[in-house]
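Colleague: Input: one structure, supplied below.
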Amino acid sequence: MIATQNGAERILIIRISSAGDIILASPLVRMLRARFPDATIDMVTAREFILLVENAPYLNNVIALERSWGLRELVTFARGVVRSTGRYDVVVDIHGSLRSRVRRRLLGRSVVRIRKPTLRKGLLVWTGRNRLRPIVPIPLLYLEVVRGLDVVDDGLGLEVFIGDTTCPIA
């Protein structure tokens with residue numbers, strides 16, 4: 001369960017790239033908002049993908065970073081976020097890279113993260129052996145990350161917000 005401070009939960013979602021993966025994260029963002037309607041829910045993504053999430057009604061803030069930053073800039077970035085907003089109660093890392101590990105440790109009290117099937121994908125590519133069974137769609141894989149937070153799939157699928165318009169994706 002998310003720790004509360006004066007009744008206000010603070011959740012940070014990390015998904016740096018790519019455009020498709022950020023769109024695939026839209027059900028997760030929507031369902032976190034449904035589960036925690038009064039929480040502050042922020043998202044960190046690469047500057048070039050801000051347009052995909054900046055109008056999402058489920059997010060309070062979108063925090064941009066530069067994908068070209070090295071370790072020093074990433075640490076400075078995370079410390080700057082903590083200085084300006086404080087630490088998050090929960091960091092939801094659905095990016096799952098070394099770069100996101102640096103940020104999540106500095107940004108939050110509690111971390112839930114994606115467990116990517118990297119080795120099994122490598123076996124498929126290198127040997128032709130498919131160990132990726134069962135095949136789990138990416139939006140459901142993202143929801144597995146927050147299973148411990150009692151987030152429930154609403155079955156409504158993907159969304160993109162362009163201006164004030166909601167664009168459901170079938």
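Colleague: Past the 20 angstrom mark, what percentage of all C-alpha to C-alpha distances in region 20-92 do you count? Before the final figure, lay out the partial values.
Modeller: Numbers: 894 of 2628 pairs.
Beyond 20 Å sits 34 percent of the P(r) for region 20-92.
Colleague: To the nearest 0.05, how large is the calculated FRET efficiency for Glu73 and Val136 if R₀ is 45 Å and r is the Cβ-Cβ distance? Can you show the working numbers first?
Modeller: On the way: r = 34 Å, r/R0 = 0.75.
Calculated transfer efficiency: 0.85.
Colleague: So, R0 is 25 Å and r is the distance between the beta-carbons of Glu144 and Ser18; what FRET efficiency does that work out to, to 0.05?
Modeller: On the way: r = 20 Å, r/R0 = 0.80.
About 0.80, to the nearest 0.05.
Colleague: Then there's this: Once you have the Cα-Cα distance between Arg35 and Ala64, take 0.36 nm times their residue separation minus that, and quote the gain in nm to one decimal. Walk me through the intermediate numbers first.
Modeller: On the way: separation 29, 0.36 × 29 = 10.44 nm, distance 2.49 nm.
Between Arg35 and Ala64, full extension yields 8.0 nm more.
Colleague: Provide the gained length on full extension for the span Asp154 to Leu51, in nm with one decimal, where the gain is 0.36 nm per separating residue minus the Cα-Cα distance.
Modeller: Values: separation 103, 0.36 × 103 = 37.08 nm, distance 2.43 nm.
Full extension of this stretch gives 34.6 nm more.
Each value in this text was obtained by applying a stated rule to the coordinates, not by laboratory testing. Computed from a predicted structure; not experimentally measured. Don't worry about glycine lacking a Cβ; one is built from the backbone with ideal geometry, like all the others, and counts go over all protein chains shown.
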